[in-house]
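The values are calculated or read from the model by the stated rules, or taken from the named source; none is laboratory data. Note that the structure is predicted; figures quoted are calculated from it, not measured. Methodologically, a virtual Cβ is constructed for each residue, glycine included, from the backbone with ideal geometry; neighbour enumeration extends over all protein chains shown. These area figures cover heavy atoms from the full protein model, side chains too; ligands, DNA and RNA do not enter into them. Shrake-Rupley method; radii C 1.70, N 1.55, O 1.52, S 1.80 Å.
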Amino acid sequence: MPGALAEIIEEFQAVEDPQKLELLLELSRELPELPEEYGDGYEQMEQVVECQSPLYLALEFDDGARTVRLIFAAPQEAPTTRGFASILHQGLDGLTYEQILATPDDVAARLGLAKAITPLRLRGMEAMLARVKRNVREHVAALDAG
């Protein structure tokens, strides 16, 4: 588990269930704004359709360093979606391809949010991580093939 992501999980595990949702909402406010080069639209981004609320994702690869920059966009009216995107951003942004691919798939479950949010939202959270990992796997495969 990457260090920053492990720290976030520990924070969630250290608080009672009612505070978990508050922590998620606090993290939602920390999701970085969309970088200027993306303009005000999501045309250059991929929609994670499994999410209940609109969530867009872009990965920027640095093949020299083998690192990934994660960019997420979600409306302010979708705080739980933004919260989990913020968790992934804070926990995985700038890590190597290998570190991201080695991240356990059950991050959403480890946060202990099952009592605070619906199963549908939890599946959306899992889908965000799965999409990031799939895109990294596809990029690595293309590099290895090329």
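Scanning the stretch 76-124 for residues being assigned to a helix (DSSP H, G or I), out of contact with any Ser or Thr (no Cβ under 7 Å at 6 or more places or on another chain) and of a type in the set (Lys, Arg) gives a total of 2.
Restricting Ala102, Ala130, Ala116, Ala145 to residues that are under 23 Å from Ala4 (Cα atoms) and modelled with pLDDT under 95 narrows the list to Ala116.
The number of residues in the stretch 52-62 that are within 27 Å of Ala142 (Cα to Cα) and either open to solvent by 60 Å² or more (accessible area, probe 1.4 Å) or touching a residue at least 60 places away in the same chain (Cβ under 8 Å) (or both) comes to 5. Being in contact with a Cys (Cβ under 6 Å, 6 or more places away or on another chain) and small (Gly, Ala, Ser) is a property that Gly39 lacks.
As a summary of the residue check, Glu77 satisfies the conditions (1) closer than 26 Å to Asp40 by Cβ; (2) modelled with pLDDT under 95; (3) buried (at least 21 other Cβ atoms within 10 Å of the Cβ) except for the one numbered (3).
In the set Ala109, Ala114, only one residue is open to solvent by 10 Å² or more (accessible area, probe 1.4 Å), small (Gly, Ala, Ser), under 20 Å from Glu16 (Cβ atoms) and touching a Leu at 6+ places or on another chain (Cβ under 7 Å); that residue is Ala114. Within the stretch 87-98, residues that are touching a residue at least 24 places away in the same chain (Cβ under 8 Å) and under 18 Å from Ala109 (Cβ atoms) reach partners that are open to solvent by 10 Å² or more (accessible area, probe 1.4 Å) and not aliphatic (A, V, I, L, M) with beta carbons closer than 7 Å, at six or more positions or on different chains, in the pairs Gly91/Pro2; Leu92/Pro2. With respect to the conditions (1) small (Gly, Ala, Ser); (2) without any contact (Cβ under 8 Å) to a residue 12 or more places away in the chain; (3) open to solvent by 20 Å² or more (accessible area, probe 1.4 Å), Ala65 falls short on a single one, namely (2). Given the structure, is Val49 in a loop (DSSP other than H, G, I, E, B) and aliphatic (A, V, I, L, M)? Spelling it out, Val49 is indeed in a loop (DSSP other than H, G, I, E, B) and aliphatic (A, V, I, L, M). Looking only at residues in the stretch 19-42 that are hydrophobic (A, V, I, L, M, F, W, C) and under 20 Å from Ile8 (Cα atoms), the one that is surrounded by the most Cβ atoms within 10 Å (Cβ to Cβ) is Leu24. Within the stretch 118-146, residues that are farther than 19 Å from Asp93 by Cβ reach partners that are not in a helix (DSSP H, G or I) with beta carbons closer than 6 Å, at six or more positions or on different chains, in the pairs Leu120/Gln52; Arg121/Gln52; Gly124/Glu50; Gly124/Cys51; Gly124/Gln52.
The residue pairs whose first member lies in the stretch 17-38 and is hydrophobic (A, V, I, L, M, F, W, C), whose second member is surrounded by 11 or more Cβ atoms within 10 Å (Cβ to Cβ) and not in a helix (DSSP H, G or I), and whose beta carbons are closer than 6 Å, counting only pairs six or more residues apart or on different chains, are Leu21/Ala116; Leu34/Ala73.
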